[in-house]
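Notes for the one structure printed next.
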Amino acid sequence: MRIGVLASGSGSNLQAILDACASRAIPAQVAVVICNVADAKALQRAEAARVPALLLPHQKVVSREEYDRQVVTALQKHSVDVVCLAGFMRLITPVLLGAYKDRILNIHPSLLPAFPGLHAVRQALAAGVRVSGCTVHVVDEGTDTGPILIQAAVPVLEGDTEETLAARILLQEHRCYPRAVALWAAGRVRIESGRVRVQGAAGRADRTIASPELSD
Ligand code: GRF
């Protein structure tokens, strides 16, 4: 299986996926990394892993649809089977969704359906929740609404700031995303009636993670 990763920033989730492919925890390879930001660390991480890294700036592209056409062309050129959005800070259009229907994954720093969209960690703190976390889901036409594949729970601690909570959630993201992609690569993920079904044993254990602080 060939993975295309779309990223805009630090690319730590990209790194987790690259590492899991290198160790064969994910039985697949990252075929291309596409980035819309020139100085994104994600590009350097791709180059360091000797994966084709493509900078596709969006500023001069006339529309979101035209941008996504360019993305799809690049993904197809690299024979990508599944797309992972990893901190890709752009709304995607039906052009990309249609070309990779039910084959686009995203990671979001909240327990969806709570706190979709921007600033999820800030939203969680403002709501006063005691537990937040992260979600890997299949992308549909809504904002962070698609079928849920894996979630990890992370407690909100006394005195947490957006930075401290986001950092603990990110640690769990690095566990969830490779695990989700590994299930996908093993052909164990089915989408039925808008829900993810994971085939084979231990479905529940495969799909939920609790951070260590929750067992204190
Ligand atoms: C993560 O928090 C992810 O949930 C969100 O964007 C951030 C990306 O971080 N979608 P990184 O670029 O993978 O380090």
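The values are calculated or read from the model by the stated rules, or taken from the named source; none is laboratory data. Here the structure is a predicted model, which means the values were calculated and not measured. Here Cβ is always computed from backbone atoms with ideal geometry, including for glycine, and neighbour counts include all displayed protein chains. The accessibility values were calculated without ligands, DNA or RNA, using every heavy atom of the protein model including side chains. Shrake-Rupley method; radii C 1.70, N 1.55, O 1.52, S 1.80 Å.
Let's see how each residue does on (1) within 9 Å of the ligand (Cβ to nearest atom); (2) within 13 Å of the chain's Cα centre (by Cα); (3) of a type outside the set (Gly, Ala, Ser):
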{"position": "9", "(1), (2), (3)": "yes, yes, no"}
{"position": "13", "(1), (2), (3)": "yes, yes, yes"}
{"position": "22", "(1), (2), (3)": "no, no, no"}
{"position": "25", "(1), (2), (3)": "no, no, no"}
{"position": "38", "(1), (2), (3)": "no, no, no"}
{"position": "43", "(1), (2), (3)": "no, no, yes"}
{"position": "46", "(1), (2), (3)": "no, no, no"}
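Look through 24, 45, 2 and report the one residue that is open to solvent by 80 Å² or more (accessible area, probe 1.4 Å) and assigned by TED's automatic domain parsing to the domain that holds residue 95. Lay out the reasoning, then the answer.
Working: 45 fails: open to solvent by 80 Å² or more (accessible area, probe 1.4 Å); 2 fails: open to solvent by 80 Å² or more (accessible area, probe 1.4 Å).
It is 24.
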Pairs with Cβ under 6 Å, 6+ apart, first in the stretch 92-109 and under 18 Å from residue 180 (Cβ atoms), second away from the ligand (no atom under 16 Å from the Cβ) and open to solvent by 10 Å² or more (accessible area, probe 1.4 Å) = 102/191
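Give me a count of the residues in the stretch 71-107 that are among the polar types (S, T, N, Q), open to solvent by 40 Å² or more (accessible area, probe 1.4 Å) and within 16 Å of the ligand (Cβ to nearest atom). Give the steps one after another, and end with the answer.
Taking the stretch 71-107 first, the residues among the polar types (S, T, N, Q) are 73, 76, 79, 93, 106.
Now drop any that are not open to solvent by 40 Å² or more (accessible area, probe 1.4 Å), which leaves 73, 76, 79.
This time we only want the ones that are within 16 Å of the ligand (Cβ to nearest atom), so: none.
Matching residues across the stretch 71-107 total 0.
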query = Looking at the stretch 54-146, what helices (runs of 4 or more DSSP H) fall wholly within it and have at least 3 residues that are among the hydrophobic types (A, V, I, L, M, F, W, C), in the same structural domain as residue 195 (by TED's automatic domain parsing) and out of contact with any Cys (no Cβ under 6 Å at 6 or more places or on another chain)?
reply = 120-127
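For the stretch 27-36, enumerate the residues that are within 13 Å of the ligand (Cβ to nearest atom) and not in a loop (DSSP other than H, G, I, E, B). Spell out how you get there, then give the answer.
Narrowing the stretch 27-36 to residues within 13 Å of the ligand (Cβ to nearest atom): 33, 35-36.
Result: 33, 35.
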request  = Being assigned to a strand (DSSP E or B), hydrophobic (A, V, I, L, M, F, W, C) and open to solvent by 30 Å² or more (accessible area, probe 1.4 Å) narrows it down to one of 150, 191, so name that one.
outcome  = 191
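Are any residues in the stretch 156-211 of a type in the set (D, E, K, R) and either in contact (Cβ under 8 Å) with a residue 24 or more places away in the chain or not assigned by TED's automatic domain parsing to the domain that holds residue 122 (or both), and if so, which ones? Can you show your working first?
Within the stretch 156-211, the subset of a type in the set (D, E, K, R) is 158, 160, 162-163, 168, 173, 175, 179, 188, 190, 192, 195, 197, 204, 206-207.
160, 162, 168, 173, 175, 179, 195, 206, 207 - these are the residues of the stretch 156-211 that are of a type in the set (D, E, K, R) and either in contact (Cβ under 8 Å) with a residue 24 or more places away in the chain or not assigned by TED's automatic domain parsing to the domain that holds residue 122 (or both).
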